């Protein structure tokens, strides 16, 4: 697709020569994301203010040209790949923290602010923004909101949907609007804030966000529990979540993943049937009782070892297995299929055992680890060649079917994007999908916003 | 309006003779709610299962007859008053707790379950559902969800939007659908759960809810702080909210309200420039440090007395002023205008002082009290006769304008309903309202669900 000259003129006038490009090198750089899928956009623009986005969407709507919002492309689902061409609008230069207001527990940011930059700016005020998909140095707040990216702290502090008060955005109609509040409570009309969060740029482009801040607890304690098998670890997760002290991280690693990390990371990585990493935070004087409560719940049939880190070095050592896991997987399979299914916590044993059976059945290496406190497991299929890749795809469909049978859903925090939309009818009935299409139509009547994503 | 015979036939067949009425006595009983507005419905039906609601909405859609969902009518905004007639569907008999699942921290309920009945059923499991608009013995979960009713605990635990995982519902198209998850995390498509919560029955009728449960802390401590004036109390609120220990209640009462409660409730109610009631909860061993932290923040310029209850009796005594307030207001004005505006916490002094000036300007008695930790104040205008009622209405418009100028919004937890829809354009721009109308159209193309509510 070549863009109409009139549209190109508008792009140049609106964004300026240094923020608007149709050069192939630039287009290539914005053709892909962390999903490793790619498709060339026809142009790339770099936004710096809300008014530009209104003009962009209005012009693209007039010419029926796709508009794809992009933070830093760290998503794993192809949500920012311009599969139908069009204009990619990068928010990387629209990255000002507009206001930090500790008295009112909010910060107002532009979408291109990096998660890590925000956290650093908040720290002197004693606050943090809980969502962090463990990619804080590289991922943008706008991307976090678009994908409802959550991360390990969600078990205690919630996802972006629970940590955002209001938004400014531009709908597919080209109209700018505000939704939500500057207050921690609101019952004035429909909740568009949460509707836009997780909508992957298919309803509107977020141009400003009012984020709810949380006081940063000054203390943190780390525990590591090794179990005989995945089932006893999964039961421990349910026990931990059924008592009053909610950990701020409750991570699970299965035996296959431990073995992989051990082979890669050395003897400091323990071997066992399964491992839980548990963190509790709070004011220092509350931590001993919190550690006690969580330790009591972690104990039970199948516990082989429980260690509590006493120093920063010990904390680091306890996390070594988790840290070694990503590079270890990459050495085996550069084309890992990285899923993030979620089931009710009590169904974790069935999920882990079911995945094990599917791994054998399809002869594909699968490691499972992730945010067990939310029942959110990263199921990573590691095909080593083309034949395994084909088997992995067949296996994946059965993984999703298993998850749905266990009352779970396709994605806990990665979203749907391009790669999971074909599986949406497994998770959602035709009536729900039909209403989602109606809502898409309500915001984006010509279907120009991020076409080919989320909805099948 | 008289209902078409074919529709009446369908209602009789669907609900049965003992759950379907067109008698005037029955219609009168469902003509009003706690707003004291009223309008006769043409029929009342009592639902018992989801399938009936699908049939009801399909039949009413065919004949373009309004359908008004009703919990227990405790809302204050006229949200359940059938202003255009039609069929009121009461959920009071659809009141089963379908499942309590402590391992997965959720409960599945029908919409007619009373908030208090749910809390009682959860207690033996060590859990609670945080939203409680302080009317738990009479209000239904369905109503709580429809209005996003929150209450004092919201400051720590959030509103229904933060405490609901998924819903089953019937859209204005007559189609049943499910949205959300059984898991504490989800990124599978648009967030319809939060969109329906607070939509006041204008998008869909909720027939089942999966509620997120929270472990009930076993300890609670109550503090009462008296201040020289409203400004010093409001500054204390901001200090309390800027430190890490978030109270589970942080209630404000102004001097006018205290005087009123004192005149009505006797000398046990203290007099002062303003009062804060503060509660902290947690495991017993964490409470002393929490009380210390909150006390430190409560101290400052203008503090006149700080008391910590040591016994259940003392706790009761500390709450006496708050308890005496409602009956005291009723003796003055049976027609109080009960608003629940919300502003960022740091703007509370300006709000309270501004309201005082408006009270003088319009010569209308106003008391302000409420959930200060969220910046959510109940502004109660107490007109004593018809002339004052007219002045009160003029005053109210200026109260809302003040709130918007302070970056607040019309409602924190009561919603919009009938009585505040004329003020919606003060809070929301035409573009936002236009998109809300589009979404209404997406769910309810013929506009039969609770017409005349929420949107102006």
**Fill in**
Within segment A:409-432, the count of residues that are facing chain B (nearest Cβ under 8 Å) and more than 19 Å from the chain's Cα centre (by Cα) comes to 4
**Fill in**
Residue hits (segment A:209-248; more than 9 Å from chain B (Cβ to nearest Cβ), in a strand (DSSP E or B) and under 23 Å from residue A:97 (Cβ atoms)) are A:209, A:210, A:211, A:212
**Fill in**
Residue pairs within 6 Å by beta carbon, gap of at least six or interchain, first lying in segment A:343-355 and facing another protein chain (nearest Cβ under 10 Å), second surrounded by fewer than 24 Cβ atoms within 10 Å (Cβ to Cβ), listed first then second, are A:343/A:406; A:344/A:407; A:344/B:182; A:345/A:238; A:346/A:238; A:346/B:103; A:347/A:406
**Asked** Restricting the first residue to segment B:253-269 and requiring it to be without any contact (Cβ under 8 Å) to a residue 24 or more places away in the chain, which pairs with a second residue that is outside any strand (DSSP E or B) meet a Cβ separation below 7 Å and a spacing of at least six or different chains?
**Response** B:259/B:271
**Request:** Mind listing whichever residues of segment A:184-208 are more than 7 Å from every other protein chain (Cβ to nearest Cβ), under 18 Å from residue A:107 (Cα atoms) and either over 17 Å from the mean Cα position of the chain (by Cα) or free of Cβ contacts under 8 Å to residues at least 40 places away in the same chain (or both)?
**Result:** A:193, A:207, A:208
**Message:** Please determine whether any residue of segment A:155-166 is modelled with pLDDT of 95 or more and surrounded by fewer than 18 Cβ atoms within 10 Å (Cβ to Cβ).
**Reply:** no
**Asked** Which residues, counting only those in segment A:414-445, are in contact (Cβ under 8 Å) with a residue 40 or more places away in the chain and buried (at least 18 other Cβ atoms within 10 Å of the Cβ)?
**Response** A:414, A:415, A:416, A:417, A:418, A:419, A:420, A:439, A:440, A:443, A:444
**Message:** Considering only residues that are touching a helix residue (DSSP H, G or I) at 6+ places or on another chain (Cβ under 8 Å) and under 22 Å from residue A:273 (Cβ atoms), which ones fall in segment A:377-402?
**Reply:** A:377, A:379, A:380, A:381, A:382, A:399, A:402
**Prompt:** Counting only residues that are free of Cβ contacts under 8 Å to residues at least 40 places away in the same chain and either within 29 Å of the chain's Cα centre (by Cα) or surrounded by 13 or more Cβ atoms within 10 Å (Cβ to Cβ) (or both), which one in segment A:16-26 is farthest from residue A:450 (Cα to Cα)?
**Reply:** A:16
**Request:** Taking residue A:289 as meeting all but one of (1) over 20 Å from residue A:378 (Cα atoms); (2) in a strand (DSSP E or B); (3) within 14 Å of another protein chain (Cβ to nearest Cβ), write down the number of the exception.
**Result:** (2)
**Message:** Condition first: part of a strand (DSSP E or B), at pLDDT below 95 and in contact with a helix residue (DSSP H, G or I) (Cβ under 8 Å, 6 or more places away or on another chain). Now tell me which residues in segment A:336-365 satisfy that.
**Reply:** A:337, A:339
**Request:** Report, by residue number, each residue of segment B:163-182 that is within 8 Å of chain A (Cβ to nearest Cβ), free of Cβ contacts under 8 Å to residues at least 40 places away in the same chain and within 24 Å of residue A:150 (Cβ to Cβ).
**Result:** B:178, B:179, B:181
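The values are calculated or read from the model by the stated rules, or taken from the named source; none is laboratory data. Predicted model, so just to flag it, every value in this text is computed and none were measured. Reconstructed Cβ throughout: ideal geometry from the backbone, glycine too, with neighbour counts over all protein chains shown.
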